[in-house]
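See below for the structure under consideration.
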Amino acid sequence: MHTHRGRVTSRRNFVVGAIAGLKAVVIAAVLFAVPSSAPAQKDAAAPGTAAPATPTALPPGYVGADTCNACHEDASQRFSHTRMGRRFLHQPRSQAERLGCESCHGPGQAHVDAGGGSPGKRNLITFGKKDPTPVEQRNEVCLTCHSTGDRVFWANSAHDARNVPCTGCHRVMENVSPRHQLVRPTELETCGTCHVQKRAAQLRSAHMPVREGKMTCTSCHIPHGSLTQALLKENSPNDNCYRCHAEKRGPFLWQHAPVIESCMNCHDPHGSNHERMLTVAKPRLCQQCHVETQHPTSPYGRDSASLKFVLGRACVNCHINIHGSNHPSGFAFTR
C-alpha cells in the first residue's frame, strides 16, 4: 500500500516538474524572440548623442512664426484657433506651411530689421484695405494652395474680373463663421455685403429658406467661378431648379413653353411678395402671354366673366397643371 502511494507521488512530482520546465522554455523563447528596446533607450538618453532631426532651416530673409508672435501676440492667438492656424503652426505638411505667417505675408527679415512699423511693411503683403499690393497679387497668394475644386474657374470669373479680393469674403486670421472662414457669420450676410438687392429680396414674404438656414447662396451659385450664367452650379436656371423641384422636370405630353424656356419667366428665385415667388400676381402673370379671347376677363374686375374665371386662385382654378400635363386631353393644362 505504501509502495503504491509512493509511486503515485513520484509520478505527480515528475509531471509537475516537467510542466514547470516547459513553461520556462516557452518564456525564454519569447524573450529571445522579442527585440529589446533597452539599447535604443540608452542610446537616446546617452549624453553627447545627436538630437532628433530638426525641420529644414528657414530660407534667407525669413524669421519664423515665433519671431512674429513676439510682437503680434493677439493676432497670433486668434490665428492659432483657426483651421489654417492649427495646420500651419502645429501640423505643417510642407515646407511652405512651416513658414507660418510668412507663408502668406512674405519674408519678414526686413520688417524685423526696421523695428516694425510702416517702413518695415514695404516688403510684406498685409491683405488690409490700405495694402498697396495689387489685388491680383494678393489673390495669387491664396491660389497657391487653394487652386482646385470650385476655384478651377476663378481666372476671369465675374468676381475676378471685378478685382474682388479673397479677403473680401474670407477672414483668415480669426473665426467669424462656423464654416469657410467668412467675414460675416452667414453666407447671406457675406454675399449681401455687395449683392444688397438680392439680400433684400430674402426679406419678402415668399422666399427661399435661406434666412432659416436650410439653404445658402452656394446651394445654387459657385462664387469662385463657373462656365454658366450667374455663376450657377448647373448649365441653366431650369437645371438648377430641378435639383430640388424634380417633379417639374418632365418630360410631359403637353409642354408649357415659358416653363421650358426658363423658370424665371414666372418666378423670382431670390424672393417675391406674391405667392410661390411669382414675379407678377395672377391673373396678370398669365395675361402677359394669353390674350383674353375665349373667356375675356379683366384683372380683378367685378363683371360676371371676371368673377367667374379669375376669382380666388385666378387662372389656376382650372388650369392647374401649368408646368406640364400628361393627360391625353390636357392641352389646356386643366385638371
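Taking 0.36 nm per residue of separation and subtracting the Cα-Cα distance, full extension of the segment from GLN109 to GLN288 would add 57.6 nm.
Across the stretch 215-220, rounded Karplus estimates of 3J(HN,Hα) from the backbone phi angles (6.51 cos²θ - 1.76 cosθ + 1.60, θ = phi - 60°) give 9, 9, 4, 7, 5, 10 Hz, Gly and Pro being marked x. Rounded to the nearest 20 debye, the dipole magnitude of the stretch 149-202 is 100 debye, with +1 charges on Lys and Arg beta carbons, -1 on Asp and Glu beta carbons, and the Cα centre as origin.
Multiplying the residue separation of ASP303 and GLU212 by 0.36 nm and removing their Cα-Cα distance gives an extension gain of 28.5 nm.
Going down the list LYS130/LYS198; LYS198/LYS233; LYS282/LYS308, which pairs span over 23 Å between their C-alpha atoms?
LYS130/LYS198
Charge dipole (Cα centre; +1 on Lys/Arg Cβ, -1 on Asp/Glu Cβ; no other charges) of the stretch 160-281 amounts to roughly 200 debye. Treating r as the C-beta distance of PHE331 and ARG243 and R0 as 41 Å, the FRET efficiency rounds to 0.90.
Quick check on the stretch 146-233: take the gyration tensor over C-alpha atoms, sort the square-rooted eigenvalues as a ≥ b ≥ c, and tell me if it's rounded (a/c under 1.5), prolate or oblate. Oblate, since a/c reaches 1.5 and b/c is not below a/b. Summing +1 for each Lys or Arg and -1 for each Asp or Glu among the other residues whose beta-carbon sits under 14 angstrom from that of HIS180 gives +1.
Most exposed first by the Cβ proxy, i.e. fewest other Cβ within 10 Å, how do TYR242, TYR62 rank? Present the calculation step by step, with values, prior to reporting the outcome.
Values: TYR242 16, TYR62 19.
Fewest-to-most Cβ neighbours within 10 Å comes out as TYR242, TYR62.
Relative contact order for the stretch 65-124: 23 percent, from Cα pairs under 8 Å spaced at least 6 residues apart, divided by residue count.
Using the Cβ-Cβ distance between CYS194 and ALA70 with R0 set to 56 Å, the FRET efficiency from 1/(1 + (r/R0)^6) comes to roughly 0.90. Between CYS318 and ARG204, the simple spin-label model (points 7 angstrom out along Cα→Cβ) gives 2.9 nm. Summing charges over neighbours of GLU247, with a neighbour being any other residue whose Cβ is under 15 Å away from its Cβ, gives +3 when K and R count +1 and D and E count -1. Label separation (ASN163 vs LEU143): 1.6 nm, computed from points 7 Å beyond Cα along the C-beta direction. Mean separation of Cα pairs under 8 Å and 6 or more residues apart, divided by the residue count, gives the stretch 207-288 a relative contact order of 21 percent.
Any read-out appearing in this document is the output of simple, stated calculations on the displayed coordinates, not a laboratory observation. All values reported here derive from a predicted model rather than from experimental measurement. Note that each Cβ is placed from the backbone with ideal geometry, even for glycine, and that neighbours are counted across all protein chains shown.
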